[in-house]
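Inspection log for the structure reproduced underneath, given as structure tokens.
The values are calculated or read from the model by the stated rules, or taken from the named source; none is laboratory data. Keep in mind that what you see is a predicted model, and the values were worked out from it rather than measured. Quick reminder, even Gly has a Cβ in these numbers, built from the backbone with ideal geometry, and neighbours come from all protein chains shown.
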Amino acid sequence: MYTPLLYKNENPDELRRFIHHHGFGILVSQVDKKLWATHIPLILTAENKLLGHISRGNKQWKELPDNEEVLTIFSGPHTYISSSWYDHENVPTWNYEAVHVYGKVRMFEGEELIESLRKLTNKYEIKSTNPVSVDTMSKKFLETEIRGIIGIEVTIDRIEASYKLSQNRDEKNHTNIISELEKRKDENSATIAQEMKKYGHRKNPQQSI
């Protein structure tokens, strides 16, 4: 991923929190010698692995031999930045947070798949009024449903992250961008404004996009 040094985030704890919070990823590999992407929810384990599953009807898994490297993309908040907010002439741009995970893949099924589904369901059902659980599903129903999927495990080799948050602006323009974003009232703009406050700006900025 193209990431200028100014926007790199190499804090492992922050990146783990990012993946946990933005767990709906894009699994990218090659199928028939062409790029192929599947959008799937993923769990990050304490052992630095991603767990998920895809449909057996999706031929991506059939061309994923064990130990093949794959790319998984996690996208966070993003929003348009108008150059009308600067005190000088410049071009509009986009602020965003994104994480790319590279690692070796392995397929799995059986009890391991059920346990993976249990972890995934428990994570997202925790705030439900009447939470669903793999453990409350009938054995027959569960066995029928899992026939249509196969588990995916990615052992993480490296993570690349770009947090583009107007760090290249001076204090005056940085503050004004935050103010304009907060006026919008939408979630993405509000979150980017919060992240900009967190990461700040450079004292000697390079006026790049």
Worksheet, complete the sentence: Over region 17-41, the set of residues outside any loop (DSSP other than H, G, I, E, B), under 11 Å from the mean Cα position of the chain (by Cα) and buried (at least 16 other Cβ atoms within 10 Å of the Cβ) is F18, I19, G25, L27, I40
Worksheet item: Does N67 meet the test of being on the phi > 0 side of the Ramachandran plot and among the polar types (S, T, N, Q)?
Response: yes
Worksheet item: Hey, does region 101-121 have a residue that's of a type in the set (S, T, N, Q), out of contact with any Leu (no Cβ under 6 Å at 6 or more places or on another chain) and on the phi < 0 side of the Ramachandran plot?
Response: yes
Practice prompt. Looking for whichever is β-branched (V, I, T), over 17 Å from I43 (Cα atoms) and out of contact with any His (no Cβ under 8 Å at 6 or more places or on another chain) here; the options are I114, I192, I146. Which one fits?
Written response: I146
Worksheet item: List, please: which pairs have Cβ atoms under 7 Å, are six or more places apart or on different chains, and start with a residue in region 67-96 that is part of a helix (DSSP H, G or I) and end with one that is surrounded by 11 or more Cβ atoms within 10 Å (Cβ to Cβ)?
Response: S83/N90; S83/P92; W85/N176; W85/I177; W85/E180
Worksheet item: When you scan region 102-209 for helices (runs of 4 or more DSSP H) that lie fully inside it, which ones turn up with 3 or more residues that are surrounded by 17 or more Cβ atoms within 10 Å (Cβ to Cβ) and either basic (K, R) or at pLDDT 95 or above (or both)?
Response: 111-125, 171-184, 187-199
